[in-house]
Amino acid sequence: MLTERYRLLVRLALMLVIGFLAVSLGAFWVSRDSLRSSLIDEALPLTSDNIYSEIQKDILRPVFISSLMANDTFLRDWILAGERDVGQLARYLREIKEKYGTLTSFFVSERSANYYHVGGVLKQIRPDEPRDAWFYRVREMSAPYELNVDPDLANQDVRTIFINYRVLDYDGRFIGATGVGLPLALVAEQIEAYEKRFRRRIYFLDHDGRVVLAAAAFRREGASIHETPGIRDIAERILQRDATPAPLEYELDGATVLVNARHIPELDWHLVVEQGDSEAIGPARRALVLNLGIAALVTLLVLATVLLAVNRYQRRLEAAAATDPLTGALNRQAFDVVFNLGLRETQRNDQPLSAILVDIDLFKQINDTHGHLAGDAVLRAVADVIRGQLRDTDVMARWGGEEFLVLLKDCPLGGAIAVAEKLRHAIAEHDFAPADGSGRPQRLTVSLGVAARCHGDTAETLFSRADRALYLAKRNGRNRVESAEA
């Protein structure tokens with residue numbers, strides 16, 4: 001029965017665990033897919049749009065300033081007039097710098113190869129100087145301007161984002177390059193602010209896939225995505241010149257990284273916004289852990305409740321199977337088990353064991369006169385009186401209709417006779433009230449037969465002697481104790 005009980009608990013636990021897991025995991029998967037879809041279709045594109053709008057204010061503004069400079073008739077006329085008054089150009093460049101708050105403003109002449117800035121002529125450019133390669137690249141390109149990141153010679157080689165704008169004369173011929181510069185650190189701080197605000201990784205790529213702009217904490221600057229593990233698998237798709245954001249993803253160290261990339265034509269850069277899949281589904285994962293914790297607690301509570309209920313029900317079943325429902329004494333089946341255990345114990349330890357068979361005198365008259373309800377009340381009352389006279393180690397059973405059997409452990413025949421006499425007197429002196437509460441209390445007597453265990457005794461032989469002793473007590477006038485020797 002114990003095994004069946006725990007089998008029930010195991011089956012119930014499995015059903016609860018499977019049910020909770022199915023519900024929790026199903027909710028987690030639905031929530032995870034919903035969060036990923038929301039991130040891919042809404043959050044990342046929206047972040048990209050917001051950053052693009054911010055970039056228009058932060059970086060495209062200097063592009064607009066450079067465009068104004070390149071198309072300024074003053075600058076064209078000054079160049080075409082032979083670049084005579086350097087101070088005049090220096091004042092112009094200083095005014096641009098101060099008015100718009102740029103790090104630097106410059107002009108490089110095609111005719112004289114002079115590099116002008118707010119302090120005048122900084123140097124002369126040369127084709128064989130690597131730091132001047134940008135000018136010759138700008139001279140040959142078809143686009144009106146470019147952005148590049150270089151050290152600024154005029155500002156102690158601070159890394160600067162330069163907007164290099166082609167300057168054309170009135171006939172469309174290239175006559176120089178002008179523009180302004182922004183400190184890279186300032187823009188990197190702005191990107192870092194974007195990352196904190198949107199809680200995503202943000203960086204910019206040039207058309208070759210090199211990282212040209214990123215937050216200071218992002219160590220991939222200058223690297224090419226063609227050579228970076230994970231993202232190199234989608235590098236070509238990122239670098240497509242499509243202004244429409246492209247939702248992509250790649251695997252890195254066993255985790256999925258969600259990517260939104262778009263081309264910014266005004267800069268000829270690619271804006272990349274990344275977020276780890278684990279970050280996106282973090283709330284769903286925390287909800288799953290919470291649900292599983294609650295499920296485990298509920299499962300334990302249910303199992304504990306069921307175990308208590310089963311144990312209580314089991315005890316009731318065992319009590320019902322082992323006791324007489326009317327008197328609360330053991331029934332014959334349960335008494336047989338107890339007696340056999342007691343018999344083996346006393347035989348092993350060579351201890352005395354005695355039995356007393358109790359029979360209510362003239363019990364049939366009680367039933368005939370007062371009815372069966374009165375008879376039942378008498379049986380219950382007699383059982384209570386007997387129980388009150390016994391030790392905790394003694395055992396009482398209902399043996400027949402109006403018979404009770406008492407088993408006395410570690411009690412020889414003489415002691416058992418004394419106990420039987422005590423029982424006879426207790427019952428004879430007890431007032432047995434009618435079951436319906438009417439009439440006067442009545443007195444009863446009992447006859448008792450006593451037998452003690454002998455060597456080689458069995459249940460049949462011992463109880464047979466007790467039964468002979470009881471028969472002798474009844475034949476000798478009832479309300480007496482008789483014993484039977486082996």
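Annotations
- Ascending count of other beta-carbon atoms within 10 Å, so fewest first, for THR102, THR393: THR393, THR102
- Neighbour counting of Cβ atoms within 10 Å sorts the residues CYS411, CYS454, fewest neighbours leading, into CYS454, CYS411.
- Only Cα pairs under 8 Å and 6+ residues apart enter the sum, and on that basis the relative contact order of the range 323-484 stands at 27 percent.
- ASP336 paired with ASP350, simple spin-label distance in nm, labels 7 Å along Cα-to-beta-carbon: 3.2 nm
- Value of relative contact order over the range 121-259, rounded to a whole percent, pairs C-alpha under 8 Å and six or more apart: 11 percent
- For the chain, the gyration tensor built on C-alpha atoms gives a prolate shape. Its axis ratio a/c (a ≥ b ≥ c) is at least 1.5, and a/b is the larger of a/b and b/c.
- The range 201-210 - phi-based ³J(HN,Hα) in whole Hz, Karplus 6.51/-1.76/1.60, Gly and Pro as x: 8, 9, 7, 10, 10, 7, 5, 8, x, 8
- Helix-only arithmetic for the chain: the sum of -39500 (n - 2.57) across DSSP H runs with n ≥ 4, divided by the residue total, places the mean residue ellipticity at 222 nm at -16000 deg cm²/dmol.
- Burial order of peptide ranges 69-81, 160-172, 352-364 (average beta-carbon count within 10 Å, highest first): 352-364, 160-172, 69-81
- By the beta-carbon count within 10 Å of each Cβ, the least crowded to most crowded order of THR104, THR323, THR369, fewest first, is THR369, THR323, THR104.
- Simple Cβ-charge dipole of the chain, Lys/Arg +1 and Asp/Glu -1, about Cα centre, in debye nearest 20: 1620 debye
- Of the trypsin sites (Lys or Arg not before Pro) found in the range 447-484, the ones in coil according to DSSP and having at most 16 other Cβ atoms within 10 Å of their Cβ are ARG478.
- Percent RCO, i.e. relative contact order, over the chain, from Cα pairs under 8 Å lying at least 6 residues apart: 11 percent
- Dipole-positive endmost among ALA255, ILE191, ALA214 within the range 186-278 (Cβ charges, Cα centre): ILE191
- Under Karplus coefficients 6.51, -1.76 and 1.60, residue-wise ³J(HN,Hα) of the range 266-276 in Hz, glycine/proline x: 4, 9, 6, 10, 10, 8, 10, 10, 10, 8, x
- Table column - 3J(HN,Hα) (Hz), the range 6-14, Karplus curve with 6.51, -1.76, 1.60, x for Gly and Pro: 6, 5, 4, 5, 5, 4, 5, 4, 4
- Pairs of Lys residues in the chain are counted when their Cα atoms are under 21 angstrom apart and they lie 8 or more places apart or on different chains; the count is 7.
- Between ASN367 and ARG468, the C-beta separation translates, for a Förster distance of 22 Å, into a calculated FRET efficiency of about 0.25.
- Taking the charge dipole of the chain about its Cα centre, with +1 at Lys and Arg Cβ atoms and -1 at Asp and Glu Cβ atoms, the residue from VAL481, TYR52, ASN311 reaching farthest to the positive side is VAL481.
Bear in mind that the values in this text are calculations on the coordinates, not laboratory data. Model, not experiment: these values are computed from the prediction. A quick note on method: Cβ atoms are made from the backbone with ideal geometry, for glycine too, and the neighbour counts reach across all protein chains shown.
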